[in-house]
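Everything on this sheet refers to the single structure shown next.
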């Protein structure tokens, strides 16, 4: 049993080494790495604008909460985009409200 396990591990190590050293796999990995770096740069460039927008939304939410009469909650927004549907699916709702 031990010999079989050791043999299997050795085989997987050898296959992994061969895969890592093949030129076509290295080229694919380098290409993918470049694509991921470009994507990270793009996301980092957009981040300040998104954070500023989020801060505006938080401020707006606080203002609306202060202006709303006590004991009432604003009506939920209509789900008009796929993003809103997905986001609302993962947002917990209090017991007793529609959607719970």
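What follows draws every value from the coordinates through simple rules; no lab data is involved. The model shown is predicted, which means the values in this text are computed figures rather than measured ones. Every residue, glycine among them, receives a Cβ derived from its backbone with ideal geometry; neighbour counts consider all protein chains shown.
General remarks:
- Cα-projected label distance for residue 61 with residue 90, points at 7 Å along beta-carbon direction, nm: 1.5
- Stretch gain in nm, segment residue 5-residue 46, where the contour uses 0.36 nm per residue and the Cα spacing is subtracted: 9.8 nm
- Translational D in µm²/s for region 2-72 (Stokes-Einstein at 10 °C, 1.306 mPa s, Kirkwood Rh from C-alpha pairs): 90
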